[in-house]
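Structure record follows, encoded as structure tokens.
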Amino acid sequence: MKSTISTVLVTGASRGLGFALITVGLAQGYNVVACSRAPESINIEHSNLLKLKVNVTDIDSVERAFKSAQRIFGNINIVINNAGYGLAGEFESYTIEEMHRQMDVNFWGVTYVTKEALNYMRESGTGGRILQISSVAGYYPSPCLSMYNASKFAIEGLSQTIMRELDQSWNIAITIVQPGGMQTEWAASNMQWSKAHPAYENDQSWRPFWKNYHGSEETDPNKAANLLYTIAQLDKPPQKLVLGYDSLELIRKQHQDIKQELEKNVALSTSVTRDDFDPDTVEILRQNLQSM
Ligand SMILES: NC(=O)c1ccc[n+]([C@@H]2O[C@H](COP(=O)([O-])OP(=O)(O)OC[C@H]3O[C@@H](n4cnc5c(N)ncnc54)[C@H](OP(=O)(O)O)[C@@H]3O)[C@@H](O)[C@H]2O)c1
């Protein structure tokens, strides 16, 4: 697989996991396309490194990045949707502008890059791997991060649906990555805080938790970057990959809660069924789902 995978494109490359991904990629012999709002701040010079000024919220900027990468390196085999930030604060404290900005970067940015990546990988005939850096927050609701959660849930819904639309012969695989806390600037200087809403200034506020979170993150971004290259080289990469004990435990808990709630309410859920509905249809549906 490695012989056909030689170019990786990473968004949000100047810091944190993105920076780790470009250093590990170069060390492993890849051509690396580092997309950043501030490529000049990437303090590495390497013949296999192409630094591009890219704003993921601007579709033209994303399209230009794919064209440049193709022109310089001839192929794009792995695309890692990494750019993202957290908007912290209670939902009622957010301004409309803050909410749109969160979705513009974390959801629309990923959407634009994914569209370009799929088009390129399918048309080139070589296929490829797309890694979506979601979060534990793409599955587990984290108080004080509602729009961040919404953006990561949205990436997951989008990506899981796309996975089902892809023709297997195209050899394109998407992996959703769900890190727990990673030791980067995400929870520190890069966290955007809304102005506190007076109604939520009480003992139940999660603001102190997130204000003090930085420093206790579990995951080492360099180890994560190494693992992501291993995953990208698999013939059948996982559709979802949890990173860290913290993410694993929170996702297990959420999974269990969802299952319990679902089963508890089966009678309510099915109480709306038409009187003339044929129950055999349900069995057929079950069997069809087993084969999907
Ligand atoms: N650290 C964690 O605990 C954690 C946990 C779960 C998921 N994640 C996710 O992991 C990914 C990488 O984050 P990180 O931990 O490496 O954090 P980071 O150190 O803050 O780096 C995030 C990168 O995203 C880009 N970015 C940040 N704010 C942006 C904005 N307002 N507009 C556009 N781009 C912006 C930046 O790229 P440029 O400046 O180069 O453009 C930056 O290099 C993100 O998607 C994040 O949501 C992080």
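The values are calculated or read from the model by the stated rules, or taken from the named source; none is laboratory data. A quick note: this is a predicted structure, and the numbers were derived from the prediction, not measured. Ideal geometry is used to build each Cβ from the backbone, glycine not excepted, and the neighbour counts take in all protein chains shown. Please note that ligands, DNA and RNA were not included when accessible areas were found on the heavy atoms of the full protein model with its side chains. Shrake-Rupley method; radii C 1.70, N 1.55, O 1.52, S 1.80 Å.
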Qualifying positions in the stretch 64-84 - in a strand (DSSP E or B) and among the β-branched types (Val, Ile, Thr): 78, 79, 80
Return yes or no: is residue 235 in the same structural domain as residue 88 (by TED's automatic domain parsing), at pLDDT 95 or above and assigned to a loop (DSSP other than H, G, I, E, B)? yes
Subset of the stretch 224-270 [surrounded by 14 or more Cβ atoms within 10 Å (Cβ to Cβ) and without any contact (Cβ under 8 Å) to a residue 40 or more places away in the chain]: 227, 249
Within the stretch 249-264, does at least one residue satisfy the condition of being within 19 Å of residue 175 (Cα to Cα) and within 16 Å of the ligand (Cβ to nearest atom)? yes
When only residues in the stretch 36-63 that are out of contact with any Lys or Arg (no Cβ under 9 Å at 6 or more places or on another chain) and in a helix (DSSP H, G or I) count, which is surrounded by the most Cβ atoms within 10 Å (Cβ to Cβ)? 63
Within the stretch 122-160, the residues that are part of a strand (DSSP E or B) and farther than 23 Å from residue 245 by Cα are 128, 129, 130
Does residue 268 fit the bill of being at pLDDT 95 or above and over 19 Å from the mean Cα position of the chain (by Cα)? yes
Would you please list the contacts, defined by Cβ atoms under 8 Å and residues six or more apart or on different chains, that run from a residue in the stretch 123-146 that is touching a residue at least 40 places away in the same chain (Cβ under 8 Å) to a residue that is among the acidic types (Asp, Glu) and open to solvent by less than 10 Å² (accessible area, probe 1.4 Å)? 132/156; 134/156; 138/156; 139/156
Hits in the stretch 86-99 - residues which are open to solvent by 20 Å² or more (accessible area, probe 1.4 Å) and either within 12 Å of the ligand (Cβ to nearest atom) or not assigned by TED's automatic domain parsing to the domain that holds residue 178 (or both): 98
Note on the stretch 105-138: residues near the ligand (Cβ under 8 Å from one of its atoms) and either farther than 24 Å from residue 165 by Cα or out of contact with any Gly (no Cβ under 6 Å at 6 or more places or on another chain) (or both) are 105, 109, 133, 134, 135, 136, 137
Among (1) surrounded by 22 or more Cβ atoms within 10 Å (Cβ to Cβ); (2) without any contact (Cβ under 8 Å) to a residue 40 or more places away in the chain, residue 76 falls short only on (2)
Which of the following residues is small (Gly, Ala, Ser), within 9 Å of the ligand (Cβ to nearest atom) and touching a Pro at 6+ places or on another chain (Cβ under 8 Å): 13, 34, 83, 38? 13
Just one of the numbered conditions (1) under 23 Å from residue 86 (Cβ atoms); (2) acidic (Asp, Glu); (3) open to solvent by 60 Å² or more (accessible area, probe 1.4 Å) is not true of residue 283; which one? (1)
Would you mind stating whether residue 6 is free of Cβ contacts under 8 Å to residues at least 40 places away in the same chain and polar (S, T, N, Q)? no
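Residue-wise test of (1) closer than 25 Å to residue 76 by Cβ; (2) buried (at least 20 other Cβ atoms within 10 Å of the Cβ); (3) of a type outside the set (Asp, Glu); (4) near the ligand (Cβ under 7 Å from one of its atoms).
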site	(1), (2), (3), (4)
140	no, yes, yes, no
156	yes, no, no, no
164	yes, no, yes, no
168	yes, no, yes, no
181	no, yes, yes, yes
Evaluation of residue 149 against (1) in contact with a Gly (Cβ under 9 Å, 6 or more places away or on another chain); (2) touching a residue at least 40 places away in the same chain (Cβ under 8 Å); (3) not charged (D, E, K, R) (one fails), failing number: (2)
